[in-house]
Amino acid sequence: MRDKKINPIYDGTVIDHIPPTKSIQVAQILGLINHKSEVTIGMNLSSKKIKIKDAVKIENRSLSGRELNKIGIIAPNATINIIKHGKVIKKFKLKLPSNIERIVKCKNPNCITNNQDTHTLFHITNKIPLVMKCHYCERSLENDEFDLV
Ligand code: ZN
């Protein structure tokens, strides 16, 4: 089975190999719902790497490091393709960031990060399924429990 390609774009970013159904969350992270650029969300595409994948294609938009880190939490192992003038000029695989800083909210209402002007910071304690622990109160958060900042 060959990877299904979504229509090529001239300038922009393609986020490929997103786990099935996670593309909507990725689009939300990027604020693409209200973005003026053309956005294509492909769901449940066939893929030889991960069998079924989602992909998001954004015209005329590049992603910041912070946005890439956020996507890395929702879709670790996604592939980012940066396209200029119809050619892929950069292609790389996302990784889970080692420190999750200012990305995820702590669920503990008494945590210092919810009561003082302190940035959230989590450390990854397990990759699959993803589990992370708050640096300050040690509350653990598991997959799909994340509220992004
Ligand atoms: Zn905490």
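Values in this text are rule-based calculations from the coordinates and carry no lab data. Model, not experiment: these values are computed from the prediction. Ideal geometry is used to build each Cβ from the backbone, glycine not excepted, and the neighbour counts take in all protein chains shown.
What list do you get for 102, 61 if you sort them by fewest beta carbons within 10 Å?
So the ranking, lowest neighbour count to highest, is 102, 61.
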So what J values fall out for the range 118-129 if you push phi through Karplus, 6.51 cos²θ - 1.76 cosθ + 1.60 with θ = phi - 60°, rounded to Hz, Gly and Pro as x?
10, 5, 6, 8, 10, 10, 7, 10, 8, 8, 10, x
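Of 120, 21, how do they rank once you tally other Cβ atoms within 10 Å and put the fewest first?
Going from least to most buried by this count: 21, 120.
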Where in the range 53-139 are there GluC sites (Glu not before Pro) that are in a DSSP coil and have at most 12 other Cβ atoms within 10 angstrom of their Cβ?
138
What does a probe at residue 107 reach in the range 54-73, counting residues whose amide N is under 19 Å from the point 7 Å along Cα→Cβ?
73
Pull up the cross-link candidates among the lysines for residue 84, meaning alpha carbon to alpha carbon under 22 Å and not fewer than 8 places away within one chain.
4, 5, 36, 57, 93
The range 54-149 - charge dipole about Cα centre, Lys and Arg +1 at Cβ, Asp and Glu -1, debye rounded to 20
600 debye
Give the long-range amide H neighbours of residue 44: residues separated by 5 or more places, or on another chain, with amide H under 5 Å away, using H modelled in the peptide plane at 1.01 Å from N.
21, 53, 54
Please order 111, 134 by the number of other Cβ within 10 Å, starting at the fewest.
111, 134
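Can you pull the Rg over Rh of the range 2-130, Cα-only, Kirkwood?
1.02
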